[in-house]
1. Search the range B:65-83 for residues being of a type outside the set (Gly, Ala, Ser) and under 19 Å from B:Val99 (Cα atoms), and hand back the single one that is surrounded by the fewest Cβ atoms within 10 Å (Cβ to Cβ).
2. Just to be sure before I move on: is A:Ile153 within 11 Å of another protein chain (Cβ to nearest Cβ), buried (at least 19 other Cβ atoms within 10 Å of the Cβ) and among the β-branched types (Val, Ile, Thr) in the structure I sent?
3. Quick one: A:Trp263 ticks every box in (1) out of contact with any Leu (no Cβ under 7 Å at 6 or more places or on another chain); (2) under 28 Å from B:Arg132 (Cα atoms); (3) in contact (Cβ under 8 Å) with a residue 40 or more places away in the chain except a single one, so which number is it?
4. Can you work out which of the residues in the range A:194-207 that are surrounded by 20 or more Cβ atoms within 10 Å (Cβ to Cβ) and of a type outside the set (A, V, I, L, M) is nearest to the other protein chains (Cβ to nearest Cβ)?
5. So which residues in the range A:383-413 are closer than 21 Å to A:Gly177 by Cβ, touching a Gly at 6+ places or on another chain (Cβ under 8 Å) and in a strand (DSSP E or B), if there are any at all?
6. Which of the residues spanning the range B:157-184 are outside any strand (DSSP E or B) and at pLDDT 95 or above?
7. Looking only at the range B:100-116, filter to residues that are hydrophobic (A, V, I, L, M, F, W, C) and crowded, with 20+ Cβ neighbours inside 10 Å; which one of those is nearest to B:Val82 (Cα to Cα)?
8. Kindly indicate which of A:Ala345, A:Ala341 is within 14 Å of another protein chain (Cβ to nearest Cβ), touching a strand residue (DSSP E or B) at 6+ places or on another chain (Cβ under 8 Å) and at pLDDT 95 or above.
Amino acid sequence: MIKKSLLTVSALLLAQVGQAVEFEASGYVGFEWREYLEQGQFNTDSVTQADRQYGVVLEPELVWSLAEGEHTIVFKPFARVDSADPQRTHGDIRELSWLTYGDDWELIAGISKVYWGVTESQHLVDIVNQTDFVESPDGEEKLGQPMVKLSLIRDWGTIDGFVLPGFRERTFSGEDGRFRPAFVIEEEDAQYEAGEEDAHVDYALRWSHTIEDYDVGLSWFNGTSRDPLLKYDPLMPMILSPYYAQINQFGVDVQATIDSWLWKFEAIYRSYNDSLIDEFDQLGQPIEDYSAATGGFEYTYYAPFDTSWDIGILTEYQYDSREDKRLVIAQNDVFMGSRIAFNDAASSEILFGFTQDLDSSGTQSVFMELSTRLGSAVKFNIDVFLPMSTDSSNISSQFKQDDYIQLGFNYYY
Amino acid sequence: MNTFTKIASSIATTVALLAGVSAQAEFSIAGLSPAEQGLAIAKERKARDLGWEDSVSTVTMTLRNSQGEESLREMRMKSLEVSDDGDKGLTIFDTPKDVKGTAFLNFSHVDKSDDQWLYLPALKRVKRISSRNKSGPFMGSEFAYEDLSSFEIEKYTFKFLAEEKINGIDCYKVEQIPTDKNSGYTSQIAWLDKEHFRGQKVDFYDRKKSLLKTLTFSDYKLYLNKYWRPMQMDMINHQTKKSTELKTATLEFKTGLKDSDFNKATLKRAR
């Protein structure tokens, strides 16, 4: 439906404006080789979790711009082919949207992506787009979301109003893949609290403003939770069904930028309908309204030791009011890391760090991301992720054998 | 110069003199102390550059290492003149291709540190960044951020040193000492031509007071009959033997940009 109306709109625009349309194509083609250091935790007689994954990724971006950029249409499809996990072989429309604007307003209609928030170790406030979990276990990749977004840009801040028709289900690894729980999550069996299921229309509102050294955001979301609850049916014990509840969520994010310090804070309060809380109680999987927060700093040393490097030190604390460790990865955890930008012609950069669960001394993870440019058009990445957990009751323990090293080459055009 | 233009020019000069606006004819640094002379030259340089309102340009940067290997950066820049404060700027990167669409918003200030935001198109994320990093390399080039920021009187203390010729052009040689403790330089020696107060050459001295870089300006073009802009700037690092050539491919003034073209929303939709 949205695609159709978008095409109609574009056709109308083309007809009306009758001016030169500027077209530009860009994007990248990527190749990845990922090697797991341990064998799958959930191997059985019939299922072997991949020890090695090759991937080919395509993400072209086509942009049509009319009337000197007053109208822009963007089409950005995405596809991955994975050698081992059919569920990870997937495609998405990251963007198919029309943008127009005036002096103090902006309108986006179609499939698009927005980002809210300031912290690095997790993104609590950022709720509009669903996580493409099968694409990246760190939750940094997002699926395209149908939306109409109107922004009003005023002296007292920017108001973004969202109508979000249509819901995207979270993607999960298949049984041959990694980063999955012991039970297979059946994406096809997704259940919804709302009768309209994935056609439920969600709403969101955000105010953001810069006040001197502070960048502040307040947000509200009402609709289908992007984070599924996992429903366990005693009749089908080997299967978990994603259950998408209706939620109301308030968020706040603040960054203070003071000299070489960036102080960052994000917090949310999420509530469910009482009827749902009762229902899940009866299934023995209690859910509750909760609050969560992430706060910390990033301090950067510029040009230390006679180099031209920037060395950043990051520390963030993650809090969640739910105490049930089975439900939450980041309930009382500390993240520490460092980001080094070498400021060379190849734009080499390294980011590394670790997260320690303060409630479980045996639960931590270590990661490293290195990137540099080869020639003028190829970006080379090395990614290392080492999740660890000796505590089987901790949710992180399901990924404890999914340690990997990955080499990636992306060719940009 | 033909007779007609000679007459026209002399009439114009006379009219200007009568109106008291011809800075060129009035400018004199006689009888001042070297510090006063340096300041007077800087003020004159700034005064001659007021009123440009806004500009849009396309710029190419070629980075060369000591082996002569090249790396290219292309960007588009929008600038807005702000009276009583530093200028506003929006830079959009086109190459390298992996940073295409990355955009940088800068509100420079005269009396406090600049406000800066970076837009990362892959994440759709706008990040407020620290502007403390004045001495850092811009896009891996030999230009530091502070070399590319707008010229403001408040950023330096000045001292007139001598009159010298650079490439056959009569110049004022002025020492500029940065007032910001975060500057990467202990001093800069700048040569400005006496006729138009345009930068011809700058020597940069690092924190150890040794010569670090030399910047030369060439291919000056006159815009709106008032504003001189170099179409080429060459920065040579004497210590690393690396160099960066910055060429302006297109430049336009008074394009009608407004304050509302410089905010986080325009940063996000910049293409």
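1. Going through the qualifying residues, I end up with B:Glu70.
2. Against the criterion (within 11 Å of another protein chain (Cβ to nearest Cβ), buried (at least 19 other Cβ atoms within 10 Å of the Cβ) and among the β-branched types (Val, Ile, Thr)), A:Ile153 qualifies.
3. (3)
4. Among them, the one singled out is A:Arg206.
5. A:Asp383, A:Met388, A:Ser389, A:Gly408, listed by residue number.
6. Scanning the range B:157-184 gives no hits.
7. B:Leu105
8. A:Ala341
The values are calculated or read from the model by the stated rules, or taken from the named source; none is laboratory data. Worth saying up front: this structure is predicted, and the values here are computed from it rather than measured. Using ideal geometry, Cβ is built from the backbone for each residue, glycine included, and neighbour counts are taken over all protein chains shown. Just so you know, the surface numbers come from the protein's heavy atoms only, side chains and all, with ligands and any DNA or RNA stripped out. Shrake-Rupley method; radii C 1.70, N 1.55, O 1.52, S 1.80 Å.
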